[in-house]
Amino acid sequence: MDTIDPEGVNTVVTLCAEEVCPAFLSLARQVHWSLPDPAKAIGSETERLQRFHQVRDEIARQLDNLEAELRTAEFD
């Protein structure tokens, strides 16, 4: 994050659930999606992989919603 110019950032999305999210000090819109860390999943290899897929799919769904929301906000 040290290499990112905060002035060029419009939206920051944090995904932390079990840990403390990093602070991003700027005027950017901040959105938080509390998602479990799939790397901490337990079970068989198949079950752990399924957790990664679930989190991936949820991120994709949330991004679609965010994109639609931002697009709508452009016209307001």
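The values are calculated or read from the model by the stated rules, or taken from the named source; none is laboratory data. Remember, it's a predicted structure, so these values are computed and weren't measured experimentally. No Cβ is skipped: glycine too gets one built from the backbone with ideal geometry, and neighbour counts run over all protein chains shown.
Note on segment 2-50: residues that are within 19 Å of Leu63 (Cα to Cα) and acidic (Asp, Glu) total 1. Across segment 21-74, the qualifying residues are those that are assigned to a loop (DSSP other than H, G, I, E, B) and under 16 Å from Asn10 (Cβ atoms), and the one among them that is modelled with the highest pLDDT is Ala28.
Could you tell me whether Val9 is at pLDDT below 90 and aliphatic (A, V, I, L, M)? Here the answer is yes, as Val9 does meet what is asked. Only residues that are within 22 Å of Glu74 (Cα to Cα), among the small types (Gly, Ala, Ser) and either loosely packed, with under 10 Cβ neighbours inside 10 Å or out of contact with any strand residue (DSSP E or B) (no Cβ under 6 Å at 6 or more places or on another chain) (or both) were counted across segment 21-33, and they come to 1. Here segment 2-20 is the region considered, the condition is being assigned to a loop (DSSP other than H, G, I, E, B) and charged (D, E, K, R), and the residue that is nearest to Ala73 (Cα to Cα) is Asp5. Pairs linking a residue in segment 34-58 that is surrounded by 14 or more Cβ atoms within 10 Å (Cβ to Cβ) to a residue that is modelled with pLDDT of 95 or more and of a type in the set (Asp, Glu), with Cβ atoms under 7 Å and 6 or more positions apart or on different chains, are Leu35/Glu58; Ala41/Glu47.
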